[in-house]
Structures are given as structure tokens and as C-alpha cells.
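Presented below is the structure to which this report refers.
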Amino acid sequence: MSNQVYLSVGSNMGDRAANLSQAVAQLKQIPGVVVQQVSPIYQTQPVGGVVQDDFLNIAIRLVTSQNAHDLLNSLHQIEQQLRRKRLVHWGPRTIDLDILYFNHETYHDQTLTIPHPEIKNRRFVLISLLDVLNDEQLITQTKQQLEATPDQNWVEIYGNKR
């Protein structure tokens, strides 16, 4: 269990909160994965220009004995079980699980890019990530990215009214 991993999880179709809860429950069932911390749920404005419902998002800190590619395959299986359909880029989805960081490693191949290239452009990722980070280098970097992000979309704790 030596790999420290941070995920971003989002949903904007169906029972969004239940989708997040089911994703976390399924993560906990993966052999070699221990979920250490889950952020509060944030309601967020959709990104990318596609007209769609607001998202609920969380960040997760976990440790795993799986390598990055095997973990990605496990995340894709959860997405399939929760009926994720990849129809429109940045479009509506029942669930979306993204690996943000895998240790301090860098991957860039046909199936995996880590760190996730959109972290610095997503307030909802940066804000929820700060709730679960326990790595001083990433905390400092994330705070700097949050101050500098071009993303001006609203992000609120779920249940609070704007």
C-alpha cells in the first residue's frame, strides 16, 4: 500500500449524491485500495461550454498497491458499473473518476496523463483537493494554483444556497 493517490470524482446525472456514495463504496471494495479521506461534497458549475446540470464533486485520498494503469482500469470498471456513457466530451455523466496525482510520478501515454492536465484550470478540483491533501509540496502547489486559476465558476458546499 505504498502508492499515495488523489482522485477527483464528479456526477451530474441522476441521483448525484448517491452516485458519489456508490463510487466511494466501490472504491473501498477494490483489492489493494484503502480510502483514507473523502472531501465534503461540492456543488459546482459545469465546465466546458456544454449545457448541462450542475455537478456534485468530491476529492479522495487513497493508498493502493496497484500501479497507476491498473488503478485506472479499476476506475473505468466503476464508471461502467455506474452506467457512465462517454457521448459528449465534457458532457453530462453519471460518474467521472479521475486520477489527479499518483505519488509524485508523471505519466503521459495513450491511456493516462498524470498529473491530470486540467487540475490548475478547475476551481472545484483545487478546492476539494485542499480538503484531503496531506503532502506539504502539493498543498503549497495547490494553493498557488487556486490563486492563479483562470476558472471563475462558482463552487459551494453542497446544500448551501448561493
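The values are calculated or read from the model by the stated rules, or taken from the named source; none is laboratory data. Model, not experiment: these values are computed from the prediction. We place every Cβ from the backbone using ideal geometry, glycine too, and count neighbours over all the protein chains shown.
Just need a number here: residues in segment 1-20 that are within 18 Å of I114 (Cβ to Cβ) and either at pLDDT 95 or above or crowded, with 17+ Cβ neighbours inside 10 Å (or both). Steps first, please.
Kept after step one, since they are within 18 Å of I114 (Cβ to Cβ), are these residues of segment 1-20: 2-10.
The next check asks that each one be either at pLDDT 95 or above or crowded, with 17+ Cβ neighbours inside 10 Å (or both); those that pass are 3-10.
Residues flagged as within 18 Å of I114 (Cβ to Cβ) and either at pLDDT 95 or above or crowded, with 17+ Cβ neighbours inside 10 Å (or both) within segment 1-20 amount to 8.
Taking the residues in segment 112-128 that are assigned to a helix (DSSP H, G or I) and touching a residue at least 24 places away in the same chain (Cβ under 8 Å) as candidates, determine which candidate is surrounded by the fewest Cβ atoms within 10 Å (Cβ to Cβ). Please lay out each step first, then the result.
Residues of segment 112-128 assigned to a helix (DSSP H, G or I): 119-121, 123-128.
Subsequent filtering for residues that are touching a residue at least 24 places away in the same chain (Cβ under 8 Å) retains 119-121, 123-125, 127-128.
Working: I119: 19, K120: 18, N121: 13, R123: 20, F124: 25, V125: 29, I127: 21, S128: 27.
That would be N121.
Of all the listed residues (R83, R16), the sole one being basic (K, R) and either under 20 Å from Q145 (Cβ atoms) or touching a Leu at 6+ places or on another chain (Cβ under 7 Å) (or both) is R16. Screening D131 with (1) under 17 Å from S11 (Cβ atoms); (2) in a helix (DSSP H, G or I); (3) among the acidic types (D, E) gives one miss only, at (1).
I need the full set of residues from segment 2-59 which are among the hydrophobic types (A, V, I, L, M, F, W, C) and free of Cβ contacts under 8 Å to residues at least 40 places away in the same chain, in order please. A18, V24, A25, V34, V35, V51 - these are the residues of segment 2-59 that are among the hydrophobic types (A, V, I, L, M, F, W, C) and free of Cβ contacts under 8 Å to residues at least 40 places away in the same chain.
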